[in-house]
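Notes to accompany the following structure.
Just so you know, all these numbers are worked out from the coordinates, no wet-lab data involved. Just so it is clear, the model here is predicted, and its values are computed rather than measured. Cβ sites come from the backbone with ideal geometry, for glycine too, and all protein chains shown count toward neighbours.
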């Protein structure tokens, strides 16, 4: 006897099969498509469960802003006024963050240890290294021979700060910097470390510094994004670690707070220029139509991302005129090129990006991040380090000097930092001519200057091997809290509720503002 | 008064109840202790000269010993009050007071040794000394009066009942006053008032808000006097005059102490002051003494330069000494509350595109007028429309706008303006002097404009103006010579290939 195709009861073999009943075939076909009693009861049970859950959760079942969509035209994201930021009158309005991706060697550049030269090829004392976990790249090494810096250091400026011969331009401006020798991080590999520096968390998915500022402080110029990213052209001779869009992601914040990158060659922003035959008026009409459709979608589904998309379309439209003006360097006076050097005329170089960063500061971009990759020197330090210093040193100096003479350094914060430092001992073979250096999270050197920063100081100290911080440590969360402080923000008050937690840039471990760095 | 009255009353009482009263021996011995204490300052005078080392050695235990009687004496009234409910506590009060008296005697002796041995003198020293003498005697009196008050068998006269509480209150008052004098000796008379909020200071101690010298702009008044005041006057001032030297005014400083003049104008190397503060910190004669922090290097440098150039009380500037004056930044004056104007602010923003950004969540921090978005279309007429909000605007970002010289008139009415950005505009500086009425303006950016040095000089008188940027203008001053060590030349550039 044939069983009903949908029947799952195995004990009904002897029972009557409806399909064998003498009924017309079309009825049998109709029966076959119907739900069985079991399906009906099972589904009804689930529905009741969902209904119960929905009533328990109340409003949380609806997408955020859906209520607003039902009652008013469109949901509104909290404007900066609603956040009540800045918490106090800021010293700086904007940030230029020169990110040295890969981990610059503090020992060869700014953290001078005169005792190292005498200890060439001696093993680093175990007491210094302690129980430090090493990376897979050096953990297997039998010895950890000390590699003294290959370059000499001299004292510069009124402060008499020691600077390596590799940074002749940085040496000129030491009196204008707050050099932090005691920055320390928790991560030992690039991706988590760079995420920690940028988002305050080693795992991706959190908003970046620039996104937090965009969300918290809002815009000073509606024609340009609040958060812009400039990537420096890759030099193939260097060991380039990837820099991904996670580093300017808005995380759980609305995506209009994500960083906008300018390309280093060709059109700064792809498809920004209108295609042939489409003039600005046509573009406007199209955008208006799309916006109406988007508003319909918004009213229907209440997804805040739709709002973000509307805002982004409008931003892109305005950027069609503002970005060409931003990147047009033809009106820069000769003094600019004298300062930044001829390299600055070539799009994509570090000097060019520094110049653009200054122009963005003038035009009210909140947060500009310039990435320079290639600082990851596991071997051939003497070959690569001079090269990368030559690429970046003058740009940094030119940017700070340019901001200073134009009166912008009074309310702009400039930061130079990587994600970690490098080891005093050599990775791989050590010869008098060359050596390598592994990742070192326990201490690294960064600098900052600008509005709110106490300049002309060196903050924090490391031990004789530039291995451990011995005075005034500055963990990443304190670094970021200090940065927010310069912008008038209490790091505990810039929050966004997500996954049941008032999320913030400095994370859940208590952070404190480093008062020694403040003017 | 405090001393005599209770003693007189004890003398009257014994005839009534001889058996319960302190014995004659006790009374005579206490009377003689009191007299001895009172006569001590007259017998051995504080002459301001240091004496035997052993005296100083013992004397320096005075700060240690002095706190015990203070604590015990404060405990006595507490025990008496709480004793009303728990009688057992009241019984202990007499014992505590007895111990307090003994401690008073020890502390007093040590204090006297300290003052005599180290040669301290001055009004605060003698006030402290007299205070503690009176205090010790008052405690003794209290001790003698207490049986009259607590004993049930003595007939309670009106006077006897009140005398003990009254004298106890006197003890407390004398204690507070004396302790304050002692604190002023150790920490300086302005220790309590130094960081007191200004209004409170004026109310409590009008005398402490004083000007340092006749000429408040002189180098002495601005830099030398504060340095001495902060480091030396604790021991060489009105309150305490160590080695006969006072440094709290110019005249007294120049007069010197028992070792002669401490300042020889024109010769810092012969000046005792410089000699003492530049000794190695461990040296016996190093100043400031008693482990106080040494003078800062720049303070020593200023004093040296000041002596070298004649130690004048009136000179306002010294050659070769340039002190940045911007160390003390006064908090800006709060502007009014613009909250009620928010609808109008929103309206004008929507109309023109220029923004009025809030400096912070506090309305008293003011607004920033930002025309960055609409730079090319923002001109004099647009700016004029913002006049209504002028009292609330503390910063105007007008860089690269179409503003012209005509706007100086408008801007001069932005009374709270602190920062003005005019970089890259077509202003020429004609009428710049109108800004002189902006008393809070401290930042003026004229980079990339056509302003001339003559028009810039017209605002030289503005005191508040600290930062003025003239980059890329006809008025640009010659670039400063590279003060830093020259960068290695091309030939020996270590990073040149």
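Counting neighbouring Cβ atoms within 10 Å and putting the fewest first, the residues A:197, A:173, A:387 line up as A:387, A:173, A:197. Exposure proxy for B:203, A:337: other Cβ atoms within 10 Å of each Cβ, ordered fewest to most, give B:203, A:337. Take the alpha-carbon centre of segment B:26-105, take the same for segment A:442-498, and report the distance between them in whole Å. About 54 Å separates the Cα centre of segment B:26-105 from the one of segment A:442-498.
Under conditions of 4 °C and 1.567 mPa s, segment B:213-308 yields 97 µm² s⁻¹ as its translational diffusion coefficient, taking Rh as the Kirkwood radius over Cα pairs in the Stokes-Einstein equation. For chain A, the longest principal axis of the alpha carbon atoms and the long axis of helix A:381-405 meet at an angle near 90°. Taken residue by residue and averaged, Cβ atoms of other chains lying within 10 Å of the Cβ of A:403-413 number 5.
Pull out the extension gain between residue B:290 and residue B:347, defined as 0.36 nm times the separation in residues minus the alpha carbon to alpha carbon distance; nm, one decimal. Please report the intermediate quantities before stating the final value.
On the way: separation 57, 0.36 × 57 = 20.52 nm, distance 6.71 nm.
Length gained between residue B:290 and residue B:347: 13.8 nm.
The percentage of C-alpha pairs in the protein assembly as shown whose separation is greater than 45 Å is 54%.
May I ask you to sort A:226, A:172, A:263 by Cβ crowding, counting other Cβ atoms within 10 Å and putting the fewest first?
If I rank by nearby Cβ atoms, fewest first, I get A:263, A:172, A:226.
Here each label is just a point 7 Å from Cα along the line to Cβ, and for residue A:327 and residue B:279 those points are 7.2 nm apart.
Which values, in whole Å and largest first, are the semi-axes of the equivalent ellipsoid of segment B:339-469 obtained as the square root of 5 times each eigenvalue of the Cα gyration tensor? Walk me through the numbers before you get to the answer.
On the way: eigenvalues 112, 56, 26 Å².
Largest first, segment B:339-469 gives 24, 17, 11 Å.
A Förster radius of 35 Å, combined with the Cβ-Cβ distance separating residue B:467 from residue A:291, puts the computed FRET efficiency at roughly 0.20. Peptide packing: for B:49-58, A:452-461, the average count of neighbouring Cβ atoms within 10 Å per residue gives the ranking A:452-461, B:49-58, highest mean first. Counting only alpha carbon atoms, the long axis of helix A:476-486 and the longest principal axis of chain A meet at about 80°. Peptide B:357-365 has a mean shielding of 6, counted as Cβ atoms of other protein chains within 10 Å of each residue's Cβ. Packing around the peptides B:300-306, B:142-148, A:131-137, taken as the average count of other Cβ atoms within 10 Å per residue, puts them in this order, highest first: B:142-148, B:300-306, A:131-137. Rounded to the nearest 0.05, the FRET efficiency derived from the C-beta distance between residue A:471 and residue A:131 at R0 = 25 Å is 0.75.
Working from label points 7 Å from Cα in the Cα-to-Cβ sense, the residue A:17 to residue A:115 distance is 9.2 nm. Counting only DSSP beta bridges with both residues in segment B:339-469, the antiparallel share comes to about 25 percent. Based on every Cα atom in segment A:89-148, Rg and the maximum pairwise Cα distance Dmax equal 17.3, 55 Å.
Computed from Cα positions, the angle between helix A:350-362 and the longest principal axis of chain A comes to roughly 70 degrees. Here the label points at residue B:75 and residue B:406, each 7 Å from Cα along the C-beta direction, are separated by 8.5 nm in the simple model.
Classify segment A:80-517: rounded, prolate or oblate, from the alpha-carbon gyration tensor (a ≥ b ≥ c, eigenvalue square roots; a/c under 1.5 rounded; otherwise prolate if a/b is larger than b/c)?
Values: a/c = 1.87, a/b = 1.59, b/c = 1.18.
Since a/c reaches 1.5 and a/b is larger than b/c, the shape of segment A:80-517 is classed as prolate.
Once you average over the residues of A:147-158, how many Cβ atoms of partner chains fall within 10 Å of each Cβ? All intermediate terms of the calculation are to be shown ahead of the outcome.
Working: counts 0, 0, 0, 1, 2, 1, 0, 2, 1, 3, 3, 2.
The shielding value for this peptide is 1.
Computed from the C-beta positions of residue B:92 and residue B:238 and an R0 of 41 Å, the FRET efficiency is 0.45 to the nearest 0.05. The length gained by stretching the chain between residue B:362 and residue B:106 to full extension, at 0.36 nm per residue less their Cα-Cα distance, is 86.4 nm.
Kindly work out what percent of the DSSP beta bridges joining two residues of the protein assembly as shown are antiparallel, to the nearest 5.
On the way: 30 of 70 bridges.
That works out to approximately 45 percent antiparallel.
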